[in-house]
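The values are calculated or read from the model by the stated rules, or taken from the named source; none is laboratory data. No experiment lies behind these values; they were computed from the predicted model shown. Reconstructed Cβ throughout: ideal geometry from the backbone, glycine too, with neighbour counts over all protein chains shown.
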Amino acid sequence: MSGIWFHLSDLWLGLAAGLAGFVDAIVGGGGLILLPALFASFPRAVPASLLGTNKAGAIWGTGAAFLSYARRVRIPWKTVLPTALASLTGALLGADLVSSIHDTAFRKVLPFVLAVVFLYTLVNRQMGQVHRPRFSQRTAIILGTVGGFCIGFYDGFLGPGTGSFLVFVFIFVFGFDFIHASASAKLVNFSSNLAALGLFASKSLVFWHLALFLAACNMLGSLLGTRMAMTHGSVFVRRLFIVVVLLLISKTGWDAFAG
């Protein structure tokens, strides 16, 4: 019986990883799917090990999605690369501090921040439909560095919704459309995931045998998600973004206030 349960558990986690990769490749928020699945499957595991395993499984899908976008979308490298490097630095600091800082207050603020993102996206129907960068290259680098560091710190410190936050920032601040924003967000998110994963791995907080299986499923979902986004365009991505942010509000609100 235990052997049957092990295989069923593998199948459940594989499906969760694939769906997470699919959603994350388009609008971010894949952690909303995979991380709860890991906690449900391993209720007695050390939480940090599940966080590390989630990063190890998800990072490959994020990387695959970015490479797939990069073949079809012109990436604004001079803006995105400094943002990605700042995100990596921020994530290292966030992951290092997470064990020593009480984050209850921060968790309670998060649903309200997401609610603002949701309402703004809902009201501004044209947001993200046209790719029209707003700033000079120098200003874009400065804003990208600051924004990348802050969101990277958040990703290392807490994590849920990082990809969706990045998509919103690239649209709202930089004037990208949803497709360019999703493509750019993947590289920045990959950098923050890499930093956090390095920290977890250095403390042996990754179940590598499981992470490799999750990575394969996540990559497959990511490639399918990227193809779907490129086929259906910014309108489809906007609609999915609204759904994912609404789910993130529900999930983070429950985590912060339930009980």
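Anything in the range 186-224 that is crowded, with 24+ Cβ neighbours inside 10 Å and either closer than 12 Å to LEU51 by Cα or modelled with pLDDT under 90 (or both)? List them, or say none.
Hits for the range 186-224 are ASN193, ALA196, LEU197.
Scan the range 144-181 for residues that are within 23 Å of PHE112 (Cα to Cα) and either part of a helix (DSSP H, G or I) or among the aromatic types (Phe, Trp, Tyr) (or both) and report the count.
Filtering the range 144-181 for residues within 23 Å of PHE112 (Cα to Cα) gives 146-174, 178, 181.
So of that shortlist, the ones also either part of a helix (DSSP H, G or I) or among the aromatic types (Phe, Trp, Tyr) (or both) come out as 146-157, 162-172, 174, 178, 181.
Count: 26.
Anything in the range 215-248 that is touching a Phe, Trp or Tyr at 6+ places or on another chain (Cβ under 9 Å), within 27 Å of PRO111 (Cβ to Cβ) and of a type outside the set (A, V, I, L, M)? List them, or say none.
Of everything in the range 215-248, those that are touching a Phe, Trp or Tyr at 6+ places or on another chain (Cβ under 9 Å), within 27 Å of PRO111 (Cβ to Cβ) and of a type outside the set (A, V, I, L, M) turn out to be ASN218, GLY221, SER222, GLY225, SER234, PHE236, ARG238, PHE241.
For the range 40-52, give me each residue that is in a helix (DSSP H, G or I) and either under 18 Å from the mean Cα position of the chain (by Cα) or not hydrophobic (A, V, I, L, M, F, W, C) (or both). Before the answer, list the steps.
Step one: filter the range 40-52 for residues in a helix (DSSP H, G or I), giving 40-41, 47-52.
Once the filter is applied, which keeps residues that are in a helix (DSSP H, G or I) and either under 18 Å from the mean Cα position of the chain (by Cα) or not hydrophobic (A, V, I, L, M, F, W, C) (or both), the range 40-52 yields SER41, PRO47, ALA48, SER49, LEU50, LEU51, GLY52.
Within the range 194-215, is there a residue that is more than 17 Å from ALA115 (Cα to Cα), assigned to a helix (DSSP H, G or I) and basic (Lys, Arg)? Steps first, please.
Pass one, the range 194-215, residues more than 17 Å from ALA115 (Cα to Cα): 194-215.
In the following step, the residues that additionally are assigned to a helix (DSSP H, G or I) were identified as 194-202, 208-215.
Keeping just the survivors that are basic (Lys, Arg) gives none.
No; the residues of the range 194-215 include none that is more than 17 Å from ALA115 (Cα to Cα), assigned to a helix (DSSP H, G or I) and basic (Lys, Arg).
Restricting the range 216-259 to residues that are over 19 Å from the mean Cα position of the chain (by Cα) and touching a residue at least 12 places away in the same chain (Cβ under 8 Å), which is farthest from PHE112 (Cα to Cα)?
This residue is GLY233.
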